[in-house]
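Values quoted throughout were computed directly from the atomic coordinates according to the rules given, and no laboratory measurement underlies them. Not measured: the values here are computed from a predicted model. We place every Cβ from the backbone using ideal geometry, glycine too, and count neighbours over all the protein chains shown.
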Amino acid sequence: MGMGFFFKFFLMMFVVLFSASCLKQSESITPIAPAQSLAELQREALTEVANQAGSSALSADAQSSLAITASDPTIFYLNIKYNLKNIDVFEAANMPNTFEQIGHSFLRTVAKVFLAAVGTYNVSINDIDLAIPDIALDRSVIKSFKIKSIFLQYNSDIDIQSDYLANFSFVNTLELSRKVTIPKVGDVETLFLSYRKKRNFCLYKCLQFDILEDNLIDILKPNTNIKLKPALSIGKLPAINDLKLDGIVEMQIGLKLPF
């Protein structure tokens with residue numbers, strides 16, 4: 001065998017050993033970030049879009065979830081459940097998130113109507129304002145805004161102090177309607193939300209309302225007041241006169257994906 005054969009043999013062995021060494025090194029590389037699934041990366045991106053649309057991250061009093069519909073994959077829906085303890089109906093909460101501000105305004109308005117229960121039978125209440133806060137809604141991103149549910153309950157401290165006797169059995173009906181203009185018809189009153197005693201499914205420990213309007217995006221104009229006409233009917237005075245309330249509102253916001 002000549003020198004050429006031994007040279008080729010050693011060259012081949014060097015290449016094999018060098019390749020094996022590189023493979024071992026590549027197997028020991030430590031990733032600089034934890035692995036994420038495509039769904040997790042998408043959720044992070046969608047959450048960021050939602051925070052930007054609401055001008056701030058949600059507070060600790062709110063819970064959120066995201067969903068995408070198969071019918072239009074370019075729009076996802078942010079579901080927000082906002083809780084408020086001991087509702088102050090006279091002051092707006094200091095909260096940065098736009099969606100929470102709107103939800104708080106709805107809770108305050110319904111609570112104001114309920115706190116007017118000072119007589120029996122049909123309670124006379126003047127029109128009440130639903131105050132839309134100074135909000136900045138990007139209509140190119142926000143395509144829909146829906147109130148999915150609203151309910152009130154006695155503040156937990158009041159409930160405990162009353163030996164859990166606090167309940168809403170004295171309320172027969174509570175409704176809010178608003179005036180809308182229909183082309184070629186004129187001004188008509190449309191029912192916005194409604195409560196009926198016979199539809200109470202929480203043993204009168206809460207007031208849960210049927211929401212009868214769908215997409216509210218067109219009425220959410222910053223710094224405006226929406227006139228609502230309340231109708232409240234009660235059968236007697238409440239057994240617990242200290243009417244401190246907690247509330248929950250569930251909202252759904254349709255957001256257009258910017259990518």
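Laid out as a table, the results:
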{"item": "Answer residue from the range 139-164, given it is loosely packed, with under 14 Cβ neighbours inside 10 Å and within 23 Å of the chain's Cα centre (by Cα) and is nearest to N241 (Cα to Cα) among those", "result": "S156"}
{"item": "Which numbered condition P230 misses (of (1) surrounded by 12 or more Cβ atoms within 10 Å (Cβ to Cβ); (2) part of a loop (DSSP other than H, G, I, E, B); (3) over 19 Å from the mean Cα position of the chain (by Cα))", "result": "(2)"}
{"item": "Every residue from the range 192-218 that is of a type in the set (A, V, I, L, M, F, W, C), farther than 14 Å from S149 by Cα and either surrounded by 15 or more Cβ atoms within 10 Å (Cβ to Cβ) or in contact (Cβ under 8 Å) with a residue 60 or more places away in the chain (or both)", "result": "I217"}
{"item": "Filtered residues of the range 233-259 (kept if of a type in the set (K, R), in a loop (DSSP other than H, G, I, E, B) and surrounded by 15 or more Cβ atoms within 10 Å (Cβ to Cβ))", "result": "K244"}
